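Remarks on the structure that follows.
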Amino acid sequence: QVQLVESGGGLVQPGGSLRLSCAASRRIRIITHMGWYRQAPGKQRELVATLGSGGATNYGDSVKGRFTISGDNAKNTVDLQMNSLKPEDTGVYYCNFRNPGGDYWGQGTQVTVSS
């Protein structure tokens with residue numbers, strides 16, 4: 001069974017930066033979409049950023065201009081560079097790969113932005 005393994009979360013002060021990484025444990029074919037989502041306590045999971053197989057990106061309104069998604073479809077990896085972090089960015093961040101067979105999710109990595 002394929003697993004997505006995330007890394008890079010942690011505690012950072014407001015205004016700081018973190019880089020999240022995600023890799024598949026074995027090859028996933030025909031990925032159409034890679035992305036990052038997050039869930040804050042008491043809230044629904046929300047879109048952070050997505051990267052299509054053709055290179056198109058999409059960002060949630062609250063992170064535009066601060067976060068950058070990048071990835072390698074062939075290597076099954078996706079990263080999220082997060083700059084100018086705010087306390088409201090706190091939550092569990094999940095990576096997602098999608099192919100015609102369905103969705104794959106990571107186990108989540110905690111990001112806490114606090115002074």
(request) Kindly state, as a whole number, the per residue volume in cubic angstrom of the convex hull around the alpha carbon atoms of the chain. (result) 93
(request) Just grab the label-to-label distance for ASN99 and GLN13, each label 7 Å out from Cα along the Cβ direction, in nm (one decimal). (result) 4.4
(message) Using +1 at the C-beta of Lys and Arg and -1 at the C-beta of Asp and Glu, which of VAL12, GLN1, TYR104 has the Cα lying farthest in the positive direction of the dipole of the chain?
(response) GLN1
(message) Under a crude label model (7 Å from the Cα following the beta-carbon direction), how far is GLN44 from VAL2 in nanometres?
(response) 2.6
(request) Give the calculated FRET efficiency between LYS64 and ILE30 to the nearest 0.05, with a Förster radius of 30 Å applied to their Cβ-Cβ distance. (result) 0.55
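Every number here is computed from the coordinates shown, using simple stated rules; none is lab data. For clarity, every value in this text was computed on a predicted model and none was experimentally measured. Every residue, glycine among them, receives a Cβ derived from its backbone with ideal geometry; neighbour counts consider all protein chains shown.
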